[in-house]
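Notes for the one structure printed next.
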Amino acid sequence: MDAPRRRAAQLATTALVSLPLLAACSEGSGSADPPGASSSSNSAAAPPSSEPPSAPASEPTSEPTDPAHPISVAALAEADLTGGGLRLGAVRERTATYTSYDVTFGSTTSGAGSAPLRISGVLNVPTGRGPRGGQGWPAVVLAHGYIDPAYYVRGQGMTRERGFLADRGYVALHVDYRNHAESTDDPRIETAVRLGYSADVVAAVHALRESRDVRVDPDRIALFGRSMGSGVVLKALAAEPGLVAAGVAWASVSSLEGQNFDHFQRPDAPVDQLRAGFRGRHGLPDDDPEFWRGVSSRPAFDQITEPVLLAHGRVDDTCPPAWARATQAALTDAGVDSTLEWYDDGHAFGPAFIAAMNRTVRFLDARMPA
């Protein structure tokens, strides 16, 4: 089901890419300190040309645009990403403020050879009848950081964030991603990892909107990622402008995938071995820089319409703080309402977790008022 503000028409093209991240990103938290930088800008529309057309009226007067590379953020934006069929499973936990369920939902990308995938996850639903007026609970879709799929278990990676949000009246849906936990294994896993994760996050939003079992306000849904999951969120925001009300990115990987490759993968194997591992699909960042830009979120930041909150630790030794500064600067240059908050903490957001979560909830409350 399309979001109320979603673009009217999208090309039925599927494009998913494998960019495995080798750094372990376990659950984290954040710390409060300096005010973040916030900025936005608007681009002026170009005035219409006053020159007469050079071709007859029956012929096109503009050059046709090249199709998007089939493995790119642009192609993901052109694809028809849908989701639904949210099913509540076993109760995992009951507290005074929420009930936690095992859940599954469908994730579908239109295109030749595409098949619906079943994605597992964990859903926390606040206790009570919900906000006044019957508009439903606000909701947050959570995108976890990298954990080896061979060892990952359902709901791992953002347990604290999920509980914190539900305690404060937010439905929180943690997405396991394809090839994780009880999710369907994507047979194209070697070419469908990172962008596939973004497709699953988009599907989770649609699944919440369609659910008859969980009352969610369709206009008050946000995305929240950490580490690799922050990269997943930024790509989802770029591919589906207008899908949600806001985005949050904690301890994010770089918004340029070539930097992620150089930081996480290049040190782990000889270049010849890494190059052979791609089996001719594309080159390394030095060999094929345009491809790597195409699978990055930063060049598509001008498509993002939602406000974005970034949070990063000053002593993060997994995702360098310079990455957060560069991403926030690029968001601002692209006209995105973006804020970067710094915390005296590392990648896992330990001592600063409560402060960072309180800041995140204030951000969400302001962007999704009742």
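Readers should treat all values here as calculations from the given coordinates under stated rules, not as data from a laboratory. These numbers were taken from a predicted model, which means no experiment stands behind them. For neighbour counting, all protein chains shown are included, and Cβ atoms are generated from backbone atoms with ideal geometry for every residue, glycine included.
Once you list every other residue whose beta carbon is under 11 Å from the beta carbon of Pro126, what net charge do they have if Lys and Arg are +1 and Asp and Glu are -1? Surrounding charge for Pro126 is +2. When the charge dipole of region 68-367 is built from unit charges on Cβ atoms (+1 for Lys and Arg, -1 for Asp and Glu) and taken about the Cα centre, the candidate among Pro126, His144, Pro270 whose Cα reaches farthest toward its positive end is Pro126.
Looking at region 68-367, the DSSP beta bridges with both ends there are about 45 percent antiparallel. Under conditions of 25 °C and 0.890 mPa s, region 68-367 yields 127 µm² s⁻¹ as its translational diffusion coefficient, taking Rh as the Kirkwood radius over Cα pairs in the Stokes-Einstein equation. Computed on the Cα trace of region 71-171, the radius of gyration divided by the Kirkwood hydrodynamic radius gives Rg/Rh = 1.02.
Using only side-chain charges placed at the Cβ, +1 for Lys and Arg and -1 for Asp and Glu, the dipole size of region 68-367 relative to its Cα centre rounds to 1000 debye.
A DSSP coil position with no more than 12 other Cβ atoms inside 10 Å describes the following trypsin sites (Lys or Arg not before Pro) in region 161-248: Arg212. The chymotrypsin sites (Phe, Trp or Tyr not before Pro) of region 141-245 that meet both conditions, a loop assignment by DSSP and at most 16 other Cβ atoms within 10 Å of the site Cβ, are Tyr151. Projecting the Cα positions of Ala222, Ala329, Thr97 onto the charge dipole of region 68-367 (unit charges on Cβ atoms of Lys, Arg, Asp and Glu, taken about the Cα centre) puts Thr97 furthest along the positive direction.
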